[in-house]
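This report refers to the structure that appears directly beneath it.
The values are calculated or read from the model by the stated rules, or taken from the named source; none is laboratory data. Computed from a predicted model, the values in this text were never measured in an experiment. Note: ideal-geometry Cβ built from the backbone for every residue, glycine included; neighbour counts use all protein chains shown. Heads up: the accessible areas ignore ligands, DNA and RNA and are worked out on the full protein's heavy atoms, side chains in. Shrake-Rupley method; radii C 1.70, N 1.55, O 1.52, S 1.80 Å.
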Amino acid sequence: MTSAANHKSSFFIVNPKAVGGAGSRRWNNIMRAIVEGGFAGVDWTFTDGPGDAGRLAREAALRGVELIVSVGGDGTNNEVLNGVFGHGKSIVGFIPQGTGGDFRRVLGLSKDPVRAVEVLRGDGERVIDIGRLTYTTLDGHRAERLYFNIASCGMSGVVDRYVNAARRGFGRKLVYALSTLRASFAYQPQRVRVTLDDSAPFDATVSLVIAANGTHFGNGMRIAPGAIVDDGLLDVVVVEAVSRLDIFLKGWRLYNGSHVTQPYVKQLTAKKMTVEPLTDGDEVLIDLDGEVPGRLPATFEIVPRAMRVKAPESNGRTP
């Protein structure tokens, strides 16, 4: 296997609005790290807005670019995945620049551009699973998105709305923590029906349902501590109705994964999960990489060994 710096072609897709708009200001330093890391004649572009990273990634994959690099956060990574998948044999790399960076934690990547470029140059690679979400858009149509990390429904969708409306001057982890607390007062646990693979469905009143390929979401919350990105399974975490007091007193458990020991949390695994609202007219929102693409009903499923990604060699596996 040749190193990434010796690939015949590479393309860097840069989100200038990453890190609260600092992405463009950081690009000169990132470019210096890329050139000093051994990449010559760097081909790159800034994205113009939502959806642009996906379009650029798809076009690069179709013209046979070998290494497509996402320079941004989890949202940019998600767009690149959806652009690349099914359009060639490109490998996807990352220079993490987002404020959340949960997939960076899953792969063991550094926020330091120099160290991120070292990973791109090295031979470390993983062939990982991806998630497929089929859902209902907010205007009632059916749609599909792929995801590297985690999709969920319930209170997380309300948290997203508060996070995205928050002032950017605060630390992102604090914004997520405060938004979660705020959402706990606004959100009323909702009745859903969950079906895992071919098992009999079960009904529950839930605060949150997670379909995890990776371990972290919400800016460092270790929500699915048992998840492995190449085991061919979704880790399902069902958080049943939880009191505001528990969220306030035990919210710290989300960051070390010990919330799964609580009696109102179920840990399960499946290749496919369907979640439906049980109350007519109830809007149960979906969270996907910090955005709210739609609502239930939805189907979450794993696509095994579907994407090649650059990763630190200590975590890497050859195909």
Quiz item: Can you work out D for the range 227-308 in µm² s⁻¹ from Stokes-Einstein, where Rh is the Kirkwood radius over C-alpha pairs, the temperature is 10 °C and the viscosity is 1.306 mPa s?
Solution: 106
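Which peptide among 183-190, 249-256 comes first, and what is the full order, when sorted by highest mean count of other Cβ atoms within 10 Å?
183-190, 249-256
Which order, highest average first, do 42-52, 70-80, 202-212, 264-274 follow once you tally other Cβ atoms within 10 Å for each residue and take the mean per peptide? Let's see the in-between values first.
Details: 42-52: 13.7, 70-80: 27.3, 202-212: 21.3, 264-274: 17.4.
The most tightly packed comes first, giving 70-80, 202-212, 264-274, 42-52.
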Quiz prompt | Debye log10 I(q)/I(0) for the range 40-134, one point scatterer per Cα, at q = 0.11, 0.14, 0.17, 0.21 Å⁻¹ | solution = -0.30, -0.49, -0.75, -1.19
Self-check item: Cα centre as origin, Lys/Arg/Asp/Glu Cβ charges: the chain dipole, Debye
Solution: 840
Quiz item: Which three lengths, in whole Å and largest first, does the range 114-167 cover when its Cα atoms are put on their principal axes?
Solution: 44, 31, 16
Exercise. Can you grab the distance from the C-alpha centre of the range 281-300 to the C-alpha centre of the range 75-100, Å, no decimals?
Key: 21
Quiz prompt | Over the range 176-282: Rg over Rh, Cα atoms, Kirkwood Rh | solution = 0.96
Quiz item: Kirkwood-based Rg over Rh for the range 53-106 (C-alpha set), two decimals?
Solution: 0.97
Quiz item: If contacts are Cα pairs under 8 angstrom and at least 6 residues apart, what is the relative contact order of the chain in percent?
Solution: 22
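Per residue Cα convex hull volume for the range 113-268, in cubic angstrom?
Working: hull volume 24.4 nm³, N = 156.
With only Cα atoms used, the range 113-268 gives 157 Å³ per residue.
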Self-check item: Estimated inter-spin distance, F248 and N28, nm [label 7 Å along Cα→Cβ]
Solution: 4.8
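Quick one: with all protein chains in place, what share of the accessible area of the chain is carbon or sulfur, to the nearest percent (1.4 Å probe)?
On the way: 6920 of 13980 Å².
On the chain, the fraction of accessible area on carbon and sulfur atoms equals 50 percent.
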Quiz item: Can you pick out the pairs among K17/K266; K89/K111; K250/K310; K89/K271; K272/K310 whose Cα atoms lie more than 32 Å from each other?
Solution: K17/K266; K250/K310
Quiz item: Which value, in Å to one decimal place, does the Kirkwood hydrodynamic radius take for the chain when every pair of different Cα atoms is included?
Solution: 19.9
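Taking a probe of 1.4 Å, how large is the accessible area per residue of the chain, in Å²? Walk me through the numbers on the way to the answer.
Values: 13980 Å² over 319 residues.
Heavy-atom SASA per residue in the chain reads 44 Å².
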Exercise. Select from the chain the helices, each a whole stretch of DSSP H, whose alpha-carbon atoms run 30 Å or more along the helix axis and whose Kyte-Doolittle mean is at least 1.6; answer none if there are none.
Key: none
Quiz item: With Cβ to Cβ distances under 11 Å as the rule, what net charge do the other residues near I302 carry (K, R +1; D, E -1)?
Solution: -2
